[in-house]
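The block underneath contains the structure these notes are about, expressed in structure tokens.
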Amino acid sequence: MARKPFSIRCRAVIGSAILLLPLWVAASTADHSAFEQLYGPFERAEQVTKACLDCHTEAGEQLQQSTHWTWQHGQESTGTVYGKTEVINNFCISTASNEPRCTSCHAGYGWKDDSFDFTKQESIDCLVCHEQSGQYRKFPTDAGHPNYVAKEWPKGSGKMLPAVDLAMAAQSVATPEIENCGACHFFGGGGDSVKHGDMDSTLFSASPELDVHLSEQGANLKCQDCHTTSNHQTMGSRYAMQAKDTSGIDIPGHSDFSRASCESCHGMEPHKGSRNAIRLNQHVDNIACQTCHIPEFAREKATKTVWDWSSAGDKSRPVTKDQWGNVTYTPKKGDFVWEMNVVPEYVCFNGEMDYTVVGEKITANEQGIIALTTPQGRCGDDDSRIWPFKVMRGKQPYDSENQIMVTPYLFGKDKAAYWKSYDWDASAQAGMKASGEVFSGKLEFINTEYHFPITHMVAPAEKALECQACHSQDGRLFKLAGFYLPGQSDPFKGSHYLWWLVALTLGAVCIHAILRVIVPNRQDKE
């Protein structure tokens, strides 16, 4: 597949620069080191927030409307509420009863149980998104609070995390950098590269080969250049995806005010200057840009692809690690599989996802697997495109009598916490109670799958998939059905009409030949 990467890259950079110029002007901020009220001293992080809100009087209310605060997202088409507090995954499964650990990434302070007051604006963590001192961080198990005194982490390691200088952090605030966003989003699922596969710490200093957008040698974009944010509402959540952007380039007068799509910068005809450009642009209707331009994910750091909770609790097994140093077995969490350079799995997707939520009745598919996520859409539909996904596979507890997934109580200091006692029944009783569900006492383990759309780690154009990656027998899209794919699909397979057409054509040729033999030629008569 011939390409001219220079023209495409230049177009992306120049287009981005034009589009982002007004944003750059708007993003400039005051020198907060000059404000006396930010000199503290601050004993608690909430005191910093109060100082912030003295000037940014509307910011608190804005943030309280955001998914970063509520951890909930309403699906307009169905009215269903999704988000971290509602859905079941196959990592640490669910947040209820595990808040002190899970909320170490919440944009707030002190969410340790269901008594957390979402109306208290001083509990908002302004610093996690805005500080630039480089020394601010939330303590992993302290419900979103930073260190106020030095603490050992990991426990028993002898390594001490120093107390955070809150005044230094407060005076450093500015518009978010990738370090702010990545502090949570690159470490989802409890560690670096665990959850998403296309987001990990390698993006902090990405090479152009890893991510042409974030790399300083590439387009040198920031996260919010695509995930545009207005009034603290950030676009581009995976709970509200735009699988097929038909608006094209995002410019004044021609905008849906969402730049979280490839087309917003690259337009509806992104390929230029090559003989194959027209043919490549024809793919835009049916194939997401990410499908060709992210050939593999987890290209520099392995990501977790399998989590088997059913083998947890065996204290006789030692902790094991793989060739990259990732833990592959621990009695607390069971068995893991990690992979690098993972080839995505492909689905025809319209941007909507059906999630399994807490308390929802479950039914296994023909393979005995619970689909915790079901991408919506169908090949050939006008609103669907072929998208790449990381499919996380797990084996996790469920209530076999009530037919619902179990929310286990994992993190805690009492004996009901699984990581304290290794008692699944006690953990399930406590976790389900915190979720507002009833546990029957019958706990079994079942295989699960969870889809994550792959949209980061865009490779340079010259590293994109070649034609034969899909247009060949056993190509990447061989599991998809319902459309004709040259090179892969057999046009005669399952189609009696084509065989009849061939037969009729051959019959007509034969009849014509016979007639030529038996009917005298007019020239011969003459």
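The values are calculated or read from the model by the stated rules, or taken from the named source; none is laboratory data. Small disclaimer: the values here were computed from a predicted structure and weren't measured. Please note: Cβ atoms are built from the backbone with ideal geometry, for glycine as well, and neighbour counts cover all protein chains shown. Side chains included, ligands, DNA and RNA excluded: accessible areas come from the protein's heavy atoms. Shrake-Rupley method; radii C 1.70, N 1.55, O 1.52, S 1.80 Å.
Is it the case, given these coordinates, that Pro408 is buried (at least 16 other Cβ atoms within 10 Å of the Cβ) and closer than 30 Å to Arg299 by Cα? So Pro408 does not fit the description; no.
Please enumerate the residues belonging to region 187-214 that are of a type in the set (S, T, N, Q) and within 17 Å of Ala464 (Cα to Cα). Even if it seems obvious, please write down each step before you answer.
Pass one, region 187-214, residues of a type in the set (S, T, N, Q): 193, 201-202, 205, 207.
If the condition is that a residue be of a type in the set (S, T, N, Q) and within 17 Å of Ala464 (Cα to Cα), then Ser207 is the only one that fits.
Taking the numbered list (1) more than 30 Å from Asp425 (Cα to Cα); (2) at pLDDT 95 or above; (3) touching a strand residue (DSSP E or B) at 6+ places or on another chain (Cβ under 9 Å) in turn, Leu443 passes all entries but (1).
Residue by residue, here is whether (1) at pLDDT 90 or above; (2) under 17 Å from Asp383 (Cα atoms); (3) of a type in the set (Ser, Thr, Tyr) holds:
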{"residue": "Ala240", "(1), (2), (3)": "no, yes, no"}
{"residue": "Ser247", "(1), (2), (3)": "no, yes, yes"}
{"residue": "Glu263", "(1), (2), (3)": "yes, yes, no"}
{"residue": "His266", "(1), (2), (3)": "yes, no, no"}
{"residue": "Glu269", "(1), (2), (3)": "yes, no, no"}
{"residue": "Lys272", "(1), (2), (3)": "yes, no, no"}
{"residue": "Val284", "(1), (2), (3)": "yes, yes, no"}
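Filter region 297-344 for residues that are assigned to a loop (DSSP other than H, G, I, E, B), touching a strand residue (DSSP E or B) at 6+ places or on another chain (Cβ under 6 Å) and open to solvent by less than 50 Å² (accessible area, probe 1.4 Å) and give the result. Within region 297-344, Ala298, Ala302, Ala312, Asp322, Asn326, Pro344 meet the criteria.
Here Lys420 clears all of (1) in a loop (DSSP other than H, G, I, E, B); (2) open to solvent by 70 Å² or more (accessible area, probe 1.4 Å); (3) free of Cβ contacts under 8 Å to residues at least 12 places away in the same chain except the condition numbered (1). Being within 28 Å of Thr448 (Cβ to Cβ), open to solvent by 20 Å² or more (accessible area, probe 1.4 Å) and out of contact with any strand residue (DSSP E or B) (no Cβ under 7 Å at 6 or more places or on another chain), is that true of even one residue in region 45-59? Checking region 45-59: not a single residue is within 28 Å of Thr448 (Cβ to Cβ), open to solvent by 20 Å² or more (accessible area, probe 1.4 Å) and out of contact with any strand residue (DSSP E or B) (no Cβ under 7 Å at 6 or more places or on another chain). Against the criterion of being assigned to a loop (DSSP other than H, G, I, E, B) and within 29 Å of the chain's Cα centre (by Cα), Lys155 does not qualify.
When the criteria are applied in full, Leu221 meets the requirement of being touching a residue at least 24 places away in the same chain (Cβ under 8 Å), open to solvent by less than 30 Å² (accessible area, probe 1.4 Å), part of a loop (DSSP other than H, G, I, E, B) and closer than 28 Å to Ser133 by Cβ.
This table checks each residue for (1) surrounded by 22 or more Cβ atoms within 10 Å (Cβ to Cβ); (2) touching a Lys or Arg at 6+ places or on another chain (Cβ under 8 Å); (3) assigned by the TED database to the domain that holds Val173; (4) farther than 21 Å from Leu161 by Cβ.
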site: Val81; (1), (2), (3), (4): no, no, no, yes
site: Lys84; (1), (2), (3), (4): no, no, no, yes
site: Ser115; (1), (2), (3), (4): no, no, yes, yes
site: Thr119; (1), (2), (3), (4): no, no, yes, yes
site: Val128; (1), (2), (3), (4): yes, yes, yes, no
site: Gln132; (1), (2), (3), (4): no, no, yes, no
site: Gln135; (1), (2), (3), (4): no, no, yes, no
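All of (1) modelled with pLDDT of 95 or more; (2) part of a loop (DSSP other than H, G, I, E, B) hold for Asp381 with one exception: (1).
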